[in-house]
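Shown next, in structure tokens, is the structure this report addresses.
The values are calculated or read from the model by the stated rules, or taken from the named source; none is laboratory data. If you're wondering where the values come from, they're calculated on a predicted model, not measured in any experiment. As a convention, Cβ positions derive from the backbone with ideal geometry for all residues, glycine included, and neighbour counts pool all protein chains shown. The area values use the complete protein model at the heavy-atom level, side chains included, leaving out ligands, DNA and RNA. Shrake-Rupley method; radii C 1.70, N 1.55, O 1.52, S 1.80 Å.
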Amino acid sequence: MRLTVASAAVLALLSSTALADTLRMALTQAYQNNPLLNAQRAAVRVTDEGVPQALSGYRPRISLSASIAEQYLDSLTKSTATTGGTSYASTSGATAVQSYGGTVTQTLLNGFQTASRTRQAEQLVSAGRETLRLTEQTVLLAAATAYMNLIRDDAILQLQRSNVEVLQEQLRQVRDRFNVGEITRTDVAQAESRLAAGRSTMLSAESNLTTSRATYRQVIGVDPGKLAPASPVDRLSPQALPQGIAQARARHPSVTTAMFNVDAAGFQVKIAESSLYPTLNLVGSAQKNYGSASSLSTLESFSGSVAGQLTIPVYQGGAEYATIRQAKETLQQRRVDLDTARDQVQQTLVQSWGQLEAAKAQIEATQAQVSASEIALNGVREEARVGQRTTLDVLNAQQELVNARVALVTAQRDRVVASYALLAAAGRLSAQVLQLDVPIYDPAVHYHQVRDTWVGVRTPDGK
């Protein structure tokens, strides 16, 4: 009877949803609070600034200069008259010399280096966004796992506590039978040993629950409350393995990140090759001088110029050729990385698919195991009352039932986590797909805020 009451309490714990946190709430909190995810969002914003840096190559460069100096001159000049005579003139004195000027430089031709740098920066921005999507998947999967681990460990602790209560009652009954001479001291020792083992297992379950609570706090960002049961997300996952493989190889963020890295490496080759092309700059300058560093008689002067500067590289020691070869090898490496990423996501998807199928079958098996263990325990107890079973038989049957219930709780946890893992392996685990009630972070907003910014040191959020 005591065992039946304990079983009902555990089932109530697993099925009650009143005033409980849900998995959707936990995923929403993780999406908002997880520091790893927030750090990756900041990293994407850092990458966004590479585009205006590259675009600056299209824009003029303006510089202003000013100088003030106290100049002392002492000069002796020689002059020859038309009559053949020679005369000498000595001049000395101090004067203040001021100079103010400005220079404007506009690049007209640089071997398409600016265009290539801009395209490369855009590809890196896209790669950063895909890395952010991968981080979102990692965080959401970790949040789902932490949630289900906490439910599992809480249920296991309740099972172990109930088991200890049953073993305590069993020990009391064994001692009563020993006192009236029905059984021996060996039976009492067996019951005491099994109770001690049950208490040890309960303490281990308490430790596991404490660890799961800490992990929940780390991943989701808040302390856990009472958790409601969660359901698998099979409806969002691929319905067939070949379909899932095709989706993963084409859309998984690891693959798309590698694709954008290949494009960025290709533009790096073009940037390196631009060092072999001529450059043409248009330079305009103006300078106003008050006083002169070479003449005491000059009071002020002004000069201005507009010039075209053409530079044709001929030979730069061979470094430019090594840089080009290096960029081409890097491009080849990125292409191999893309093939590796595709094979990796396919392997992960197939593995996740197998784990989900195994988890489904395991639930059916453990449910049958629990049912059979309950029947077996009741039968052994009845047989023990009439002397056909020993105390050890009863203790073993009780332990088998507890193990079966723990296996069922673990299988239910694995079933839910495996469904989220399969969704992540297909590249579809996101706040949008899960339809979480949370504002979706859009990295394109910051990108468009800074892309065409010419001046300013403040970030769009005012920092």
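Here are a few things to note about the model shown:
- Percent accessible area from carbon and sulfur atoms, the range 151-239, protein chains only, probe 1.4 Å: 46 percent
- Residues 321, 31, 88 ordered from highest to lowest accessible area at a 1.4 Å probe: 88, 321, 31.
- Put 202, 259 in order of accessible area, highest first, and with a 1.4 Å probe you get 259, 202.
- Separation of the range 399-415 from the range 297-314 is 85 Å, based on Cα centroids.
- The heavy atoms of residue 226 present about 100 square angstrom of accessible area, all protein chains included, probe 1.4 Å.
- Per-residue surface analysis assigns residue 252 an accessible area of about 20 Å², computed on protein heavy atoms at 1.4 Å probe radius.
- Using the rule -39500 (n - 2.57) for each DSSP H run of four or more residues, divided by the residues of the chain, the 222 nm mean residue ellipticity is -22500 deg cm²/dmol.
- With DNA, RNA and ligands ignored, accessible area of residue 68 (1.4 Å probe; Å², nearest 10): 130 Å²
- Computed from the C-beta positions of residue 314 and residue 286 and an R0 of 56 Å, the FRET efficiency is 0.95 to the nearest 0.05.
- Ordering 41, 172 by accessible surface, largest first, gives 172, 41; the 1.4 Å probe counts only protein heavy atoms, with every chain in place.
- FRET E, pair residue 441, residue 234, Förster distance 30 Å, beta-carbon r, rounded to 0.05: 0.65
- Between the range 222-256 and the range 273-296, the alpha-carbon centres lie 61 Å apart.
- Per residue, in Å², the accessible surface of the chain once ligands and nucleic acids are set aside, probe 1.4 Å: 55 Å²
- If the segment from residue 454 to residue 196 were pulled out straight at 0.36 nm per residue, it would be longer than the present Cα-Cα gap by 85.5 nm.
- Straight-distance crosslink candidates among lysines, where the alpha carbon sits under 18 Å from residue 328 and sequence neighbours closer than 8 are dropped: 270
- Angle in degrees between helix 319-385 and the longest Cα principal axis of the chain, rounded to the nearest 10: 10 degrees
- Scoring 328-341, 105-118 by mean Cβ neighbours within 10 Å over their residues and listing the highest first yields 105-118, 328-341.
- Taking semi-axes √(5λ) of the Cα gyration tensor in Å as calculated from this structure, the corresponding entry among (i) 37, 31, 18; (ii) 82, 26, 19; (iii) 30, 27, 24 is (ii).
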